[in-house]
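Presented below is the structure to which this report refers.
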Amino acid sequence: MYYPLLSNLRRKQINNHDIDLLDWWLGTRRANTRRHLNPLQFSLDCKIDTDHSIRLFSLCALDENLGLLSVRYVSRCPNCDTVLSTQEQEFVPKIRDCYECGGKYNQDILKDKVEIYFSLNCAPQENIMKKEEVPIGGGQGKAVSLQGLMVRNMLETNDELSGLFECFL
C-alpha cells in the first residue's frame, strides 16, 4: 500500500476494494497535483459514485486515526475567475471585492461557488504491489471542481459530513 493508514477506513465499514482503489489513486498522483486533489476526479477515474467518493475523501480528512488529507477552499470571482481567497481547514465566507473586475460579492454567492480541494499531508510510501494487482481505473477526462453547492445537497442526506462542511449549511 502507498498509504497504510487507509486500512483504518475498515472501521468505518469501507470495503477493501474501495480502500485499495483510493490508495492506488492517491499513490499514483504526481507530486505537483497532491495539493489539489478532487474527489470528483477520483469518482470519474475510478467509476465510483460521486457521493461515496466525497465521503471517502471527507473521512480521510476528518478521521483522527488517518489525518491523511486536509481541506483547502478557493474562492473565485464568479465574473472573471480571479482567485479571491484561499483558506485552509475552515471556510469562513466574507464579502469580497475582486481586484481584477471590481465586482463585489456577498457571502451566499461565494459560499455556493467556492472550490473545495483536498491536500495530501504526506508522501506515498513505496508500493510493492505487482503491476497486475493494480485496481481498475484510469484517466477518464477532467472533472469539474467540487463546489459548495454540491456539498450542501449532500449534507441533507449524510450527517457524517457535517463536521467538515457545516459552513455550507
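The values are calculated or read from the model by the stated rules, or taken from the named source; none is laboratory data. Model, not experiment: these values are computed from the prediction. Positions of Cβ are generated from backbone atoms using ideal geometry, with glycine treated the same way; all protein chains shown enter the neighbour counts. Side chains are part of the model used for accessible areas, which takes the heavy atoms of the whole protein and leaves out ligands, DNA and RNA. Shrake-Rupley method; radii C 1.70, N 1.55, O 1.52, S 1.80 Å.
In sequence order, what are the phi-derived ³J(HN,Hα) couplings for the stretch 58-65 according to the Karplus relation 6.51 cos²θ - 1.76 cosθ + 1.60 with θ = phi - 60°, rounded to whole Hz, with x for glycine and proline?
Going residue by residue, I get 5, 4, 5, 8, 8, 5, 5, 6 Hz, with x marking Gly and Pro.
Taking only the alpha-carbon positions of the stretch 1-71 and ignoring solvent, what does the Debye formula give for the base-10 log of I(q)/I(0) at q = 0.17, 0.26 Å⁻¹?
-0.55, -1.45
Can you work out ³J(HN,Hα) from phi for every residue in the stretch 145-150, in order, using Karplus 6.51 cos²θ - 1.76 cosθ + 1.60 and θ = phi - 60°, giving whole Hz and x for Gly and Pro?
6, 6, 10, x, 4, 5
If amide hydrogens are placed 1.01 Å from N in the peptide plane, which non-local residues have theirs closer than 5 Å to the one on residue 85?
For residue 85, whose amide H was placed from the backbone, the distant partners under 5 Å are 75.
Based on alpha-carbon positions alone, could you give the equivalent ellipsoid semi-axes of the stretch 30-133 from the gyration tensor, as √(5λ), descending, whole Å?
Semi-axes, largest first: 31, 14, 14 Å.
Just the Kirkwood number for the stretch 35-77, please: inverse of mean 1/r across all distinct Cα pairs, in Å, one decimal.
11.2 Å
Under 5 Å between amide hydrogens, which residues at least 5 positions from residue 68 or on another chain qualify, with H placed 1.01 Å from N in the peptide plane?
Correct list: empty.
Would you please give the FRET efficiency between residue 32 and residue 7, computed as 1/(1 + (r/R0)^6) with r the Cβ-Cβ distance and R0 = 30 Å, to the nearest 0.05? Each step should come with its number before you reach the end.
Working: r = 27 Å, r/R0 = 0.91.
Efficiency, from the Cβ-Cβ distance: 0.65.
Which order do the peptides 111-117, 12-18, 52-58 come out in when sorted by mean C-beta neighbours inside 10 angstrom, highest first? Mind dumping the intermediate values first?
Working: 111-117: 20.0, 12-18: 12.6, 52-58: 22.4.
Peptide ranking by packing, descending: 52-58, 111-117, 12-18.
Quick one: order 101, 77 from most to least accessible surface, probe 1.4 Å.
101, 77
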